[in-house]
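Step one of this worksheet: look at the structure below.
The values are calculated or read from the model by the stated rules, or taken from the named source; none is laboratory data. Remember, it's a predicted structure, so these values are computed and weren't measured experimentally. As a convention, Cβ positions derive from the backbone with ideal geometry for all residues, glycine included, and neighbour counts pool all protein chains shown. Heavy atoms of the whole protein, side chains included, go into the accessibility calculation; ligands, DNA and RNA do not. Shrake-Rupley method; radii C 1.70, N 1.55, O 1.52, S 1.80 Å.
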Amino acid sequence: MLNNSELATFFRQLGMLVHSGISTLEGIEIIRDDLTDLKAQKLLTDIHGSLALQQEFSEVLNETGEFPKYAVDMIRIGNYSGKLDEVLAALAIYYEREEQISSNIRSAITYPAIMIFMLMIVIGVLVARVLPVFQDVYQQLGADLTGPARGLMHLSGVLQSILPQIIIVLLLIIIALFFVLRKKSTLFSKSFVKGKLSQSIAVGRFASGMYLTLSSGLDTDESLKMTGSLTDHPVIQTKIQTCQTNLDAGKSFAEAISIADIFNHTQNRMIHIGLRSGALDQVMENIAKQCNDETDGKIQHLLSILEPTLVAILALIVGIILLSVMLPLMGIMANIGL
């Protein structure tokens, strides 16, 4: 499928054209003519050809296999409600946010991964190249190492014997890391399945989906059913199902959402007020922004903790390695001086 950035760009451009009074068929043609990527041109050519045969827009997108089911369903709703331009603009915002989340999580993973990799390289160089120099010095002085220093010297010999294999493993790690960091945001979210960060992301997606569906003219029950498939977070999925069960039992949306405990107390009060004032979609938009800001804050907090921690660990390990061989050497030199 198209990635989040490509989806956001496509929906943003087409939404502006449709809002200007241009038909979907003409809009696709205009976008296609501006493209230089052959694969993208072929995709839009296929879409344009199907639209020219009077096929429904959402069905055409679905047949390509390049668009998420959620986007296809929302465009179908936009066609039926006469708000296609608004739906396209909202989808652009939604996928822009998804790309931002993905980028933030990549940043949270990339820096520690690079630091850990550098830590491995520094320790490897110290053990495999620097320690043998000290070993030669000790042999010339006719002294034997004991304790940690002796263990490090033994490790140095082992590492030198398997150095080619170590290099291959490190290269494979780099390739695997590069592959993982190119995946979509869902993969990164699954890395934090039981963490608060993942739950905050899932709640933000749910609120964004509710805003999008409600602003497109759907009622709360239909919006909940459609938006429930947006998150694969097990905790939030269970809460959404609880909310749906309470709605089916005859409770109001405000009561059902409060019982399900998807949002905090303040956000639940906002939903109560939004229902009474007829501005529930705007309330959901505000809640989505709050959740997104909370997610950004948690990611930045995570980075602020990881950066100095990894630097301190690197300095500590290097210091321990050097002291384990330097202190015995200093003792030997002191005895020689005596």
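Worth pointing out:
- Calculated diffusion of segment 28-113, Stokes-Einstein form, Kirkwood radius summed over Cα pairs, 10 °C and 1.306 mPa s, µm²/s: 108
- Partner lysines for Lys196 [C-alpha distance under 25 Å; skip if fewer than 8 residues away on the same chain]: Lys183, Lys184, Lys225, Lys239, Lys289, Lys298
- The local environment of Ser208, defined by Cβ-Cβ distances under 14 Å, has a net charge of -4 under the rule Lys, Arg +1 and Asp, Glu -1.
- Here the accessible area is traced with a 1.4 Å probe on the protein chains. For segment 1-97, carbon and sulfur cover 53 percent of it.
- For segment 1-137, the solvent-accessible area with a 1.4 angstrom probe is 50 square angstrom per residue.
- The aspartates and glutamates whose alpha-carbon is closer than 16 Å to the alpha-carbon of Lys83, local same-chain residues fewer than 8 away aside, are Glu56, Asp73, Asp219, Asp281.
- With all projection directions averaged, the alpha carbon convex hull of segment 206-274 covers 4.2 nm².
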